[in-house]
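Before any comments, here is the structure.
The values are calculated or read from the model by the stated rules, or taken from the named source; none is laboratory data. Bear in mind the structure is a predicted one, so any value in this text is a computation, not a measurement. For neighbour counting, all protein chains shown are included, and Cβ atoms are generated from backbone atoms with ideal geometry for every residue, glycine included.
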């Protein structure tokens, strides 16, 4: 500042204070410490910035197949199994994919290839056992007699020659026929032996010969002709060398013991929920698919013998014929109803039910008794319905 410039008392006092403070800082070496601290702080800041940059550069860019316009990986499209780890996951997925390709193709599958038992010899053992059965089944002479388990009118249990309290379930009468949950069970129509056939939710069909000897093993034979839930099993009682199975995978397959094959006889884009055959017509197959649709398939011609009909508002869970009145058919559905039909009107454009039975929840099954006088239905409402009378107008509900 020029010497000629005059300062006020305040400005002169201020300059003196600044000069005195600078002398005190120099005396305590404060400027040098400040310079060192500033340099150290700047170095730390540079290290943090470079560390963050390294992290960002090492993080990979992740883009899904969907955003890149590519199809999903077929090995993981169904999701990973949480109960498997490491190589077990890869091995399991690889096995399931190869099996899915095997059963999804509409080509015959050799029974030996579909066999899932421990030894391949057991497969041939089952084939020889069924082939050895008489082609003419021994029919039950009392098949037309209704067992009198209860008085339907009074809904009371009468005196019975069998002591129910004496019945026991022995360990030898229990077997795990297939892995997982069983959805369908049928008795094999043979008086020469006691054998049952079961289908599960994984596409397995299992046979259990309860009369097998110890040297023959446990009498268990497991196959996998399907890739999903087995929804129906039909065994022809007059040939017994042929069995028809249906599945949610949209396939209906014929197991031919003589040819030792599982062959596809019908393929649909919709799940097959139920199959049945009429007692007097072994050349026709009645089945339900999709959301309440019903169809009749000509097994000899290999084509539909009628147009598809929508009989229910939701999926049909069972189909059954009255063995005494073969024109009467019953269907159960997830729309909470059981419908009784006169199949003599199957050719008409509008097939209407003779009677509709209502449940409070979806109906899982409905079957006629052997005499045809009773119709039993089971529902998710934990009730068992019994319908009787000339037109099944008398209805009784009981706890399951």
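Considered as a group, the residues in the range 211-240 that are part of a loop (DSSP other than H, G, I, E, B) and at pLDDT 90 or above include one that is surrounded by the most Cβ atoms within 10 Å (Cβ to Cβ), and that residue is 226. Search the range 264-303 for residues being part of a loop (DSSP other than H, G, I, E, B) and within 25 Å of the chain's Cα centre (by Cα), and hand back the single one that is surrounded by the fewest Cβ atoms within 10 Å (Cβ to Cβ). Taking the candidates together, the pick is 269. Residue-level check: of (1) in a loop (DSSP other than H, G, I, E, B); (2) more than 24 Å from the chain's Cα centre (by Cα); (3) over 23 Å from residue 234 (Cβ atoms), residue 306 misses just (3). One residue stands out among those in the range 180-201 that are out of contact with any strand residue (DSSP E or B) (no Cβ under 7 Å at 6 or more places or on another chain) and surrounded by fewer than 16 Cβ atoms within 10 Å (Cβ to Cβ): the one that is nearest to residue 213 (Cα to Cα), which is 194.
Tallying residues that are within 25 Å of residue 316 (Cβ to Cβ) and surrounded by 18 or more Cβ atoms within 10 Å (Cβ to Cβ) within the range 243-263 yields 14.
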